[in-house]
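The structure appears below as structure tokens.
The values are calculated or read from the model by the stated rules, or taken from the named source; none is laboratory data. These numbers come from a predicted model, not from an experiment. Cβ placement follows ideal geometry from the backbone for every residue including glycine, while neighbour counts extend to all protein chains displayed. Side chains are part of the model used for accessible areas, which takes the heavy atoms of the whole protein and leaves out ligands, DNA and RNA. Shrake-Rupley method; radii C 1.70, N 1.55, O 1.52, S 1.80 Å.
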Amino acid sequence: MNIRNKDFWVGMDLSFMDEIEHGGGRYYDEEGNERELLGLVKEKGVNAVRLRIWNDPVGGFCNLERTVGISKRIKRLGLHFLLDFHYSDKWADPANQWKPAAWEDLSYEQLEQAVYDYTAEVLEALKKENALPDMVQVGNEITPGMLWNEGKVDGEAYDNDRQWEQFAGLVKRGIEAVHAASPDIRVMIHIDRGGDNASSIKFFDRFEQLQVKFDVIGQSFYPWWHGTLDDLRGNLHDLAARYGKPINVVETAYPWTLEEPEGSKWVMNGKEGLLPLPEYPPTVEGQQRYLEELISIVHAVPNGLGEGFYYWEPAWIPSQKEWSVGHPNNWANLTMFDFEGKALKSFAALAGQTAK
């Protein structure tokens with residue numbers, strides 16, 4: 001018997017929604033009726049939304065001002081809200097954890113204070129609009145550290161006690177600011193090792209040793225980068241047993257097509273890295289099957305510690321050629337909408353997953 005957790009987050013990262021709407025992109029239900037995105041996905045079973053925030057992005061989207069506006073819409077609909085601090089002016093991920101331009105010349109002590117002050121500023125702005133997040137990520141996919149090079153822990157020259165202490169110090173200051181804003185906001189620590197148990201243990205053991213106090217483990221899991229569903233299952237079970245913390249698969253996706261329209265180039269554009277065929281083909285049906293199995297794996301984490309998942313940018317449709325992030329949309333075959341913005345039938349995987 002599969003016992004459903006009391007609270008289970010069926011989430012989506014919809015950070016591109018603002019830019020898509022601003023540029024004239026539209027969304028439709030399966031019958032072709034134009035719909036507002038947040039209301040549509042809530043109707044489909046989504047109960048949580050994640051947004052990223054950048055310090056001073058060149059394109060202007062995902063900054064504080066625009067995040068406040070979208071956050072108010074999320075809260076008005078009663079959706080759980082996860083805010084993802086990148087602490088950068090652009091993408092922060094395992095290959096890029098670069099400081100915001102305004103912080104580049106700060107000393108380490110000044111950098112710690114900047115993390116605190118910026119986190120506090122953002123949360124205060126949201127608090128004034130009754131749009132505080134329910135959960136905050138202090139950093140995005142911070143497996144190699146963050147705010148390089150002071151907080152870098154990746155590579156032989158940086159994987160040492162001093163660097164880990166500096167990295168942990170930066171994270172602690174972010175957590176301190178979250179707690180000061182509201183004791184009710186939970187803190188997630190997010191890495192990108194969904195199918196890699198050894199690397200996950202190394203990271204979270206270090207954080208335990210350095211007494212980084214947080215509430216939730218977040219993992220990214222993309223099969224073409226992070227292993228098989230069995231790898232994910234084994235890792236989540238082990239992390240739950242070791243650390244006793246709730247776990248979210250906070251980023252995931254699967255292709256509904258490998259078709260590349262002229263001028264497009266997808267991140268996942270070949271069969272290498274897909275899960276075994278024919279169970280998980282790159283089709284709408286295969287995407288639905290993938291989601292059903294991933295949800296089952298998260299639900300089955302022992303002791304009810306599998307808290308939920310977030311699909312990464314399921315609504316990033318190719319509605320425009322130029323994007324504020326400075327590169328083309330390379331994700332539109334991994335969405336849960338077709339190229340014209342019509343909801344795919346794979347949304348059926350979400351039905352009935354949240355607590356009754």
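Observations on the model:
- Number of the condition not met by Met12 [criteria: (1) assigned to a loop (DSSP other than H, G, I, E, B); (2) within 24 Å of Ala125 (Cα to Cα)]: (1)
- The range 194-222 residues that are surrounded by 15 or more Cβ atoms within 10 Å (Cβ to Cβ), paired with ones that are at pLDDT below 95 (beta carbon under 8 Å, 6 or more apart): none
- Reported count of residues in the range 64-92, each being among the charged types (D, E, K, R) and over 15 Å from Glu121 (Cα atoms), is 6.
- Flag if Tyr290 is aromatic (Phe, Trp, Tyr), part of a helix (DSSP H, G or I) and at pLDDT 95 or above: yes
- Screening Ile74 on (1) part of a loop (DSSP other than H, G, I, E, B); (2) of a type outside the set (Asp, Glu); (3) in contact (Cβ under 8 Å) with a residue 40 or more places away in the chain shows it passes everything except condition (1).
- Those residues of the range 238-284 which are in contact with a Gly (Cβ under 9 Å, 6 or more places away or on another chain) and open to solvent by 40 Å² or more (accessible area, probe 1.4 Å), in sequence order: Leu258, Leu277, Pro278, Glu279
- Within the option set Glu31, Glu19, being out of contact with any strand residue (DSSP E or B) (no Cβ under 8 Å at 6 or more places or on another chain) and open to solvent by less than 40 Å² (accessible area, probe 1.4 Å) holds for one residue only, Glu19.
- Identification of helices (runs of 4 or more DSSP H) wholly contained in the range 165-274 with 1 or more residues that are in contact with a Ser or Thr (Cβ under 9 Å, 6 or more places away or on another chain) and among the acidic types (Asp, Glu) yields 229-243.
- Some residue of the range 154-164 being farther than 18 Å from Asp93 by Cα and touching a helix residue (DSSP H, G or I) at 6+ places or on another chain (Cβ under 7 Å): no
- Filtered by the rule that a residue be in contact with a Ser or Thr (Cβ under 7 Å, 6 or more places away or on another chain) and either open to solvent by less than 20 Å² (accessible area, probe 1.4 Å) or at pLDDT below 95 (or both), the range 61-96 gives Cys62, Phe81, Phe85.
- For the range 117-132, residues that are in contact (Cβ under 8 Å) with a residue 24 or more places away in the chain and open to solvent by 50 Å² or more (accessible area, probe 1.4 Å) total 6.
- Take the conditions (1) at pLDDT below 95; (2) more than 30 Å from Asp7 (Cβ to Cβ); (3) hydroxyl-bearing (Ser, Thr, Tyr); Thr354 misses just one of them, which is (2).
- Residues (part of a helix (DSSP H, G or I), under 23 Å from Glu43 (Cα atoms) and either open to solvent by 10 Å² or more (accessible area, probe 1.4 Å) or of a type in the set (A, V, I, L, M) (or both)) located in the range 302-346: Lys345
- Yes/no for Leu64 being under 28 Å from Pro144 (Cβ atoms), free of Cβ contacts under 8 Å to residues at least 40 places away in the same chain and out of contact with any Pro (no Cβ under 6 Å at 6 or more places or on another chain): no
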